[in-house]
Amino acid sequence: MEFCPNCGKMLMPDKGKIKCRCGYEKSLKKEDLEEQYHMEGETNPEAKVIVTDRNNVALPTTTITCYKCGGTKGYWWTVQTRSADEAPTNFIRCANCGNTWRSSN
Ligand SMILES: [Zn+2]
Ligand SMILES: [Zn+2]
């Protein structure tokens, strides 16, 4: 709220300006207008959620023969089991049916 610098009366908003009965008028600044006509219901952009599906992690592929479905494409990865002294175990998962087994080598 502002008061007239000439007569000290309260200034009245009128079409983007504030006016006094004595004739004084002042243009409202953009910031004032935005504050006065604060927009409600602003649309917040939806927060983007990145879903990481562990099953979709890119694993190296290899040619296999699935004993369940006969599929020939598989993924493989290595797991170090128990102690570091033991050789790591290779696992293979069939890309077709998801069957997982230990690699023979
Ligand atoms: Zn005035
Ligand atoms: Zn399979």
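Read-outs throughout are calculated quantities, based only on the coordinates presented, and are distinct from any laboratory measurement. Quick caveat: nothing in here was measured; it's all calculated off a predicted structure. Cβ: placed from backbone, ideal geometry, glycine included. Neighbour counts: every protein chain shown.
Key figures
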{"read-out": "Rounded FRET efficiency, nearest 0.05, which uses the C-beta distance separating TRP101 from LYS73 and R0 of 22 Å", "value": "0.90"}
{"read-out": "Cross-link partners of LYS15 among lysines (Cα-Cα below 23 Å; sequence separation of 8 or more within a chain)", "value": "LYS26, LYS29, LYS30"}
{"read-out": "Distance between modelled label sites at SER27 and THR89, nm, 7 Å Cα→Cβ extension", "value": "7.8 nm"}
